[in-house]
1. Being part of a loop (DSSP other than H, G, I, E, B), of a type in the set (S, T, N, Q) and at the interface with chain B (Cβ under 10 Å from one of its Cβ atoms) is the requirement here; does A:Asn177 meet it?
2. State which residue pairs qualify: first residue in contact (Cβ under 8 Å) with a residue 24 or more places away in the chain and more than 8 Å from A:Asp235 (Cβ to Cβ) and inside region A:135-147, second residue open to solvent by 40 Å² or more (accessible area, probe 1.4 Å) and part of a helix (DSSP H, G or I) in any location, beta carbons under 8 Å apart, and separation of 6 or more residues or different chains.
3. Among the residues of region B:447-475, write down those that are touching a helix residue (DSSP H, G or I) at 6+ places or on another chain (Cβ under 9 Å), at pLDDT 80 or above and open to solvent by 70 Å² or more (accessible area, probe 1.4 Å).
4. Give all pairs with beta carbons closer than 9 Å in which a residue from region A:33-47 that is under 14 Å from A:Gly21 (Cα atoms) and at the interface with chain B (Cβ under 8 Å from one of its Cβ atoms) meets a residue that is open to solvent by less than 30 Å² (accessible area, probe 1.4 Å) and assigned to a loop (DSSP other than H, G, I, E, B); count only pairs at least 6 apart in sequence or on separate chains.
5. Return a yes/no flag: does region B:213-223 have any residue that is surrounded by 19 or more Cβ atoms within 10 Å (Cβ to Cβ) and in contact with a helix residue (DSSP H, G or I) (Cβ under 6 Å, 6 or more places away or on another chain).
6. Checking A:Ala150 against (1) assigned by TED's automatic domain parsing to the domain that holds A:Glu218; (2) at pLDDT below 85, which single condition isn't satisfied?
7. Going by what's in this entry, would A:Ala150 be described as touching a Pro at 6+ places or on another chain (Cβ under 9 Å) and either at negative phi or open to solvent by less than 50 Å² (accessible area, probe 1.4 Å) (or both)?
8. Given the condition within 14 Å of another protein chain (Cβ to nearest Cβ), within 24 Å of B:Tyr334 (Cα to Cα) and not polar (S, T, N, Q), answer yes or no: does some residue in region B:450-468 qualify?
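The values are calculated or read from the model by the stated rules, or taken from the named source; none is laboratory data. The structure displayed is predicted, hence computed values, not measured ones. Neighbour counts run over all protein chains shown; Cβ positions are idealised from the backbone, glycine included. For accessibility, only protein heavy atoms count, side chains too; no ligands or nucleic acids. Shrake-Rupley method; radii C 1.70, N 1.55, O 1.52, S 1.80 Å.
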Amino acid sequence: MRNLLAILKHSLSISAIVLVGIFVFLKWVLPLFTAPLPMSLIGLYVALTFSALMIFYTMSGASLEEFMGPIHRFLVGEGQEGVAKIARLLLLILFPLLVGWQTYTSLAPSDFPPAESRTIHPAPPGEFVGLANPLQPTEANIQIGKGIYASRCSPCHGSNFDGKGTAAPGFNPPPANFRDSGTIAQLQESFLFWRIKKGGVGLPIEGKPWKSAMPRWEVELTDKQVWQVIMGEYDGAGQSPRTWEEEE
Amino acid sequence: MTLQSAIRTVGSSIRNIRASSLLGWGVLVAFLVLPCLVLAQGAATQAMSVEYRDIPGIGSRNVIWFIAQQHLLLAGFVLGVPLFAWVCEIVGWKTKEPRYDKLAKEFTKLLTSAYATTALFGGILLFLLIGLYPKLMAYLTDIFYPTFVAYSILFLLETAVLYLYWYGWDSMQGNKKGFHLFLGFLLNLFAFFIMIIPNSWATFQASPVVVADGTALERAWAAMWNPTWWPVNIHRFIANVVLGGFICGAYAGVRYLLAVSREEREHYDWMGYVGNFIGVFGMLPLPFAGYWLMREIYQYNQQMGITLMGGFLAWLFILQAMLIGVLFLGANYYFWMGISYRIPGVAQSYKKPILAMLIVLMVSLAVWMTPHTLVASLQEAQQMGGAHHPLLGVFGVMSAKMTVANLMILVTFMSFIMYWRAGKQETAPWAKIAKAIMGGVLAVAAITIVVLGVWGYFVPALFRINTLSVAQVLIVLFILVTFTPLTAVLLKSAKTTTEMVWGQMPVRSGYTLVSNAVMVILLMSLMGYARSSSRVHWHVYGVLRDTSEYAYSPALGYAAALMSLNTFFFCLLVAFIFWVATMGDKSQAPSKESPQKVEPGLTPVMAGGSPSSGGKGGVQDNR
């Protein structure tokens, strides 16, 4: 029993437990409460944990010896007998195979599209930068805006402004969730004006490669209506636009 | 010091200068200036006919990219090192410790050859720019012509002062030291102006102002005062200190790995410590300067701000977070190793605080590196409902990044304080109370920073940026400027329980120092690219369009390859400069490095050195 405890307290076992623990937590426990994490992020966090462990256990000579000593002795294999000897041989054979398999899987064709990085908020074209909303935020304007929103936008962006409209599940990328702090709360009104008028087809190259279903509303809505719907959107989502000038 | 003796000293130092090298400088500067004069005259007529020239196969843009980056890195080096040397000299003069003076001199020696190399690359850059981008150069010359003259004069002054400073080092000891220090001040003053004049050209390209009619001088003056000029000046100035410090550290690290005698090991271990110290010290305020610069860019032109921070250049900032993270880790790692190797017997008692700091650092780093828009496969994106994760998406926004950056600075600063205090026992009667108060203040500061960061999610962006972020920065600065003198006072009365032992650091400390320097160089290459590609297809943003065939932004992978090449080549250059500068030492003292003097068991072992194979491994000796 005491022996087992000593093994568990060894820096190598602690490292293994921490690493596996973090991975299990990110991969299987966290998704119980929220959406699953992409592998790119899990990899990042595990790598960070690994480097933290390395830093901690190589800080002094004693801890380095405790950590690396067994690994080193095992790999050198001097005077090894029985199980240890076979284990070492197996490792020396399996490790290169693992690397080979990794290489193969990352190169082999698959029917999944590759992981994409899409720029959600690319820079707008020059003519839309710095436009100011010409309308006053009166109750009438906001209500008209909300009316337009209910008829035109809510099927996709949801009547609660949360991106959960009835048509939303069909689209990739999904319609923006205006309640999220990462969408319209981060943006200026002029940015929305551009996005609403020009839609998904008006996105610059960096906003690709996904095909955005956001329609370009410049045909259906007048400029005035677009400004109104912007006001309705902010009001309904409980957000306010980003500004750079001091508000009086 | 009498005026007479000062004059005599100057006279004797001038005699020391080899006339030929001065002449060489004169010719070089003339070469730099002359083409500009010609260009200014012929600009209107000739240059317009040829707008661009290309270098087939390589591409004119790549050539300029490479040369400009080398020139900038070298310039950062030759501006950072004099600062570093000057500060060391002052410290040596104040503390009467000759080793500081020796260190300062050792680095000034590098300057002469480094300076020539920098000017060389500057000259090449200018010729190439005139040849390859005549349209742009004609435009810039038209506006900035008077600054070219000022720049050349500054160059002459700087060169003269540098020679006096270097060749007069030994003859200006003792009561003439004051004058020598003054020369060091002048050296840095001129260097600063030499830095900010080209900064005005580059910042004008990014954030031009309307240049009204007027005399040539008035127009140049107006163009210099563009919105990003001073933020870039400050940012670069601090970054140069960091570069100088970490390169000094890397030099010491390499020499430490190669050292054979005990004195050498002790000296270079100590030098590495000083270099790392200065690098870290500069690094602490650097993020604030960067933040100020970004704010100015956003305010100047939102589109440019979005391109940088949210648009296609946003990925550079994730890379930046990674590099800075490695740098912070490396610097702290070096401090922590210093505690356990240089101060015998204390390693055990510092294990817990170090673990706590490491965890805070790692969690901060994880938050900082979490991109706002995640790289996800189609399946993963569908599960998340977009490229934002519903929970971790909160780490992606500025409020979180600012908070963890502040925390990381705080932790690094505490590492430094801890290292400083290790092995010493405060004796002042109020030491206990003072330490308790400091601990309390620190805890409150950390909690406040986190609270402000969380609050940032619930307020409009403007309030967050102008009030909350500024408050966070002020808190950290407050800690920095109060804790440093307080600790110094505390330690004045302290008795040393364990003497620091130099020359005992393990091999990996040397590699850590080298890695820190490489990270800084990579960072400068990365952010240099970000700065100039934020102009997208403009030479002068919104004014002069790039109509060459290279008016597109290269793919990020391509850019990263060029950055790596630049870093690699610059490291080679620096190694060359160090090699040339130290060649004399070796021929002078050949017996010092004879193998007989090698202390048994003290030879550092290379990276693959086994920790357990006999008693020869560096790791074992240094346990």
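1. Working: part of a loop (DSSP other than H, G, I, E, B): yes; of a type in the set (S, T, N, Q): yes; at the interface with chain B (Cβ under 10 Å from one of its Cβ atoms): yes.
Taking the combined requirement at face value, the residue satisfies it.
2. Matching pairs, first to second residue: A:Leu135/A:Lys224; A:Ile144/A:Gln225.
3. B:Val454, B:Trp455 - these are the residues of region B:447-475 that are touching a helix residue (DSSP H, G or I) at 6+ places or on another chain (Cβ under 9 Å), at pLDDT 80 or above and open to solvent by 70 Å² or more (accessible area, probe 1.4 Å).
4. Hits for this filter: A:Tyr45/A:Leu37; A:Tyr45/B:Thr370.
5. Taking region B:213-223 as the starting set, the residues that turn out to be surrounded by 19 or more Cβ atoms within 10 Å (Cβ to Cβ) are B:220, B:223.
Add one more test, that the residue is in contact with a helix residue (DSSP H, G or I) (Cβ under 6 Å, 6 or more places away or on another chain), and what stays is B:220, B:223.
Within region B:213-223, one or more residues are surrounded by 19 or more Cβ atoms within 10 Å (Cβ to Cβ) and in contact with a helix residue (DSSP H, G or I) (Cβ under 6 Å, 6 or more places away or on another chain).
6. (2)
7. Working: touching a Pro at 6+ places or on another chain (Cβ under 9 Å): no; either at negative phi or open to solvent by less than 50 Å² (accessible area, probe 1.4 Å) (or both): yes.
So A:Ala150 does not fit the description; no.
8. Here is the first cut: in region B:450-468, the ones within 14 Å of another protein chain (Cβ to nearest Cβ) are B:453-467.
Checking the rest, the ones that are also within 24 Å of B:Tyr334 (Cα to Cα) come to none.
No, that holds for no residue.
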